[in-house]
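Below you'll find the structure, written out as structure tokens, and then a few comments.
The values are calculated or read from the model by the stated rules, or taken from the named source; none is laboratory data. Because the structure is a prediction, the values reported are computed rather than measured. In this analysis, Cβ positions are derived from the backbone assuming ideal geometry, glycine residues included, and neighbour counts consider all displayed protein chains.
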Amino acid sequence: MPPLTKHLAFEGKILEISEREDEALGEAFPWIDRALCYRQMDVWLIANPERRKKKFVAFARHWMAKEPRPSKPIGSQRAVEFGVRQPSEKGNALLAKLGI
């Protein structure tokens, strides 16, 4: 029977994250650039051999949990994000008159 191969989403000098682990981290932290975080974690592990971690998924989860969530876009940023047209000056005046 051939040995099982582990399909890796990231393989650094030290850090290894499987596709399954990457998918789970992606669901838990959708706002994070995971590839960038994996590279940063790998560099940290290389620079800190005395503090090397054995449970990479737990290490990645704790690392990503410290990353701040982006604030929700408001006003025109949100409209641009969803492709909504902005009101004209006349429309803005009407909205102001209505107290909206």
Does the stretch 75-88 include one or more residues that are on the phi > 0 side of the Ramachandran plot and either at pLDDT below 85 or part of a helix (DSSP H, G or I) (or both)? yes
Of the numbered conditions (1) surrounded by 13 or more Cβ atoms within 10 Å (Cβ to Cβ); (2) modelled with pLDDT of 90 or more; (3) not small (Gly, Ala, Ser), GLU11 fails exactly one; give the number of that condition. (2)
For the stretch 36-44, check the following and say yes or no: at least one residue is part of a loop (DSSP other than H, G, I, E, B) and within 17 Å of ILE14 (Cα to Cα). no
Residues in the stretch 31-58 that are surrounded by 16 or more Cβ atoms within 10 Å (Cβ to Cβ) and free of Cβ contacts under 8 Å to residues at least 24 places away in the same chain: how many? 2
